[in-house]
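Engineer: Pasting a structure below so you can have a look.
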């Protein structure tokens, strides 16, 4: 397998490249000032303190750079300076500097001599103007009227080992990720490209394989669902068709299907063009997908997701905490003076609820997988839930017995009020099926 054909980037001389780009775009300052074209390139491209306004960012860096030696320009000056600069210098600078960063052999950046990359998309708010709404679109409310800012969809090809951007495309809110992803196929030559399940399609598959890339994509259960050949290790070969096509249509593509479960939950279905089950074992590819994209459970709907964006997000601890035990830092809330329940009684209730919860969950999963036999893992994969069942019961007791507002309980458990509200509803539903009701103290009628 060949490495990416794009040249490696080794500590580029960014100031020189910046001056070259400004000269190519003919961006010269008419008169000296604090917000020169060169300064605005750094100020905009670095995205310092990206959640703050321009003048707030200037307060952070004033005195540290010559252009802002004790003077903070008005925010309108930043707006005019960005308009003078325009988008072309930033776009050229990105394409001049973007590219693979990891040297050959860097751990976590290669699989069997193939550079590992991933395609990911995200949305950014744009200024609320008629021009932006016509160009990009945005979310609408139930009546069809604009429900927020216009939004720009950014799709990137990112090296997973270094998180360095290799290529990027910008589209509108309604454009979806597949079209920009297809446009980046030529930049992925010689790479193993990972994508989430919204991406698979014959057009995308042919674009990347035609460019010399290999794919490892997550797909829905309805994609390539009819095996045409079974491999010894338990995977199978199937055909992925264009919409509306059936059977072995000449426009279809042959893919290898790998299915596995994380923590005994939802099945993850992967498609790849790496057909050699000896050279590319299914267990290796499944572990690669899980570890490289750093899958984590979504706080609200419980599905497995990943992100390549630079902001930090909280991953559940890798320590296998039992589902029927409270989180260690919340054990003090379990005191009978707060819960109104002796420890043995509360533990017995947790055991009963856990058994009922597991039974209901397994029944739902059995129905979703069409009553096929469950493939059990070895118990070493997956991450603990954000809220254990013991945590959920504790939150319900605090809310029902002491009248604590759900927002305050959410702060104690470091989750959103929406998550607490949903978990309390779940526990109340479970409590309807058991004989031991939660205790009600004198503070039960206190409104949150």
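Engineer: If I stretch the segment between residue 135 and residue 425 completely, what's the gain in nm (0.36 nm per residue apart, minus their alpha carbon distance), one decimal?
Structural biologist: 100.2 nm
Engineer: For the pair residue 56 and residue 278, what calculated FRET efficiency results from E = 1/(1 + (r/R0)^6), where r is the Cβ-Cβ distance and R0 = 51 Å, to the nearest 0.05?
Structural biologist: Values: r = 57 Å, r/R0 = 1.12.
Computed FRET efficiency for residue 278 and residue 56 comes out at 0.35.
Engineer: Separation of the range 217-240 and the range 124-149 by C-alpha centroid, Å?
Structural biologist: Centre-to-centre (Cα) distance: 40 Å.
Engineer: Can you tell me the relative contact order of the range 68-156? Whole percent, Cα pairs under 8 Å, sequence separation 6 or more.
Structural biologist: Relative contact order of the range 68-156: 22 percent.
Engineer: So, one more: Treat the count of other C-beta atoms within 10 Å as a stand-in for reagent exposure and order 332, 205, 229 from fewest to most.
Structural biologist: Lowest count first: 332, 229, 205.
Any read-out appearing in this document is the output of simple, stated calculations on the displayed coordinates, not a laboratory observation. Computed from a prediction, not measured in an experiment: that's the story for all the values here. Please note: Cβ atoms are built from the backbone with ideal geometry, for glycine as well, and neighbour counts cover all protein chains shown.
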